[in-house]
1. Looking at Asn60, Asn46, which one is closer than 30 Å to Tyr125 by Cβ and assigned to a helix (DSSP H, G or I)?
2. Looking for something within 30 Å of Ile115 (Cα to Cα), surrounded by 14 or more Cβ atoms within 10 Å (Cβ to Cβ), within 20 Å of the chain's Cα centre (by Cα) and not β-branched (Val, Ile, Thr) - is there at least one such residue anywhere in the range 29-37?
3. Within the range 67-79, take every residue that is assigned to a helix (DSSP H, G or I) and surrounded by fewer than 13 Cβ atoms within 10 Å (Cβ to Cβ) and give me the one that is nearest to the chain's Cα centre (by Cα).
4. Of the numbered conditions (1) farther than 24 Å from Pro177 by Cβ; (2) more than 19 Å from the chain's Cα centre (by Cα); (3) surrounded by 12 or more Cβ atoms within 10 Å (Cβ to Cβ), Trp25 fails exactly one; give the number of that condition.
5. Just for the range 112-148: of the residues that are over 28 Å from the mean Cα position of the chain (by Cα) and among the basic types (Lys, Arg), which one is surrounded by the most Cβ atoms within 10 Å (Cβ to Cβ)?
6. Here are the criteria: (1) surrounded by fewer than 18 Cβ atoms within 10 Å (Cβ to Cβ); (2) at pLDDT 90 or above. Tell me which single one Thr94 does not satisfy.
7. Given the options Val12, Val65, Val40, Val20, name the one that is β-branched (Val, Ile, Thr) and modelled with pLDDT under 90.
8. Out of all the residues in the range 84-112, which are assigned to a loop (DSSP other than H, G, I, E, B) and farther than 17 Å from Trp44 by Cα?
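The values are calculated or read from the model by the stated rules, or taken from the named source; none is laboratory data. Model, not experiment: these values are computed from the prediction. Heads up, the Cβs are rebuilt from the backbone with ideal geometry, glycines too, and the neighbour counts pull from every protein chain shown.
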Amino acid sequence: MKKGCLISIIIVAVIAFFVVSLIIWGTRVYNNMVTLNEGVTSQWGNVETAYQRRADLIPNFVNTVKGAADFEQSTLTQVIEARAKATQVTIDPTNMTAENMQQFQQAQGELSSAISRLMVVVEQYPQLKATQNFRDLQVELEGTENRISVERRKFNELAMSFNTYIKRFPQSFIAGPFGFGAKPYFEAQQGAERAPEVKF
């Protein structure tokens, strides 16, 4: 075999090795991005489930409170309207943006505020607070608020892992062309630095 032919074979083999290595690396990176993205999408489902649970509890809560004589109708109306608005704002987890996350958070925040105002008004009705049905719903609502907080935190953790991975070099070269964009985070609501006083 001629020396020139042997060198050509070695060069072709080296190029083939690098091409195959690059394809294997690219496939591994792409699959990791898919796995991390699916984790974020799955966790978003858990977030929505927690919020839906709260939305499902509110009609029973409102009906229980409505039974109290002379209860402020405007407060109940605000809760019902905030619930309707919050359930209308949804996000497609495959197309999350900072803007639609902000809209979602704002709608959910308005519902949280309406519920807080309702609880303040309930303070004026000790006979209502003494009923077992109200206490049971109150415990369920408190538990749901805790679940929402936990699911939001988990979502932010998974979104951070995904965002960090796709922004690192050299993964960033694969992320863009294959449509992997950064996921937005849940942010603290304005005034969250002050601990709210909640009375039941």
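1. Working: Asn46 fails: closer than 30 Å to Tyr125 by Cβ.
The match here is Asn60.
2. Step one: filter the range 29-37 for residues within 30 Å of Ile115 (Cα to Cα), giving none.
Checking the range 29-37: not a single residue is within 30 Å of Ile115 (Cα to Cα), surrounded by 14 or more Cβ atoms within 10 Å (Cβ to Cβ), within 20 Å of the chain's Cα centre (by Cα) and not β-branched (Val, Ile, Thr).
3. First, the residues of the range 67-79 that are assigned to a helix (DSSP H, G or I): 73-79.
Subsequent filtering for residues that are surrounded by fewer than 13 Cβ atoms within 10 Å (Cβ to Cβ) retains 73-74, 77.
Values: Gln73: 32, Ser74: 30, Thr77: 27 Å.
In this case the residue turns out to be Thr77.
4. Tallying (1) farther than 24 Å from Pro177 by Cβ; (2) more than 19 Å from the chain's Cα centre (by Cα); (3) surrounded by 12 or more Cβ atoms within 10 Å (Cβ to Cβ), Trp25 fails exactly one: (1).
5. Only one residue fits best here, namely Lys129.
6. It fails just one condition, (2).
7. Numbers: Val12 fails: modelled with pLDDT under 90; Val40 fails: modelled with pLDDT under 90; Val20 fails: modelled with pLDDT under 90.
Result: Val65 is the single residue among Val12, Val65, Val40, Val20 that is β-branched (Val, Ile, Thr) and modelled with pLDDT under 90.
8. So the first thing to find is which residues in the range 84-112 are assigned to a loop (DSSP other than H, G, I, E, B), and the list is 89-92, 96-97.
Hits for the range 84-112: nothing passes.
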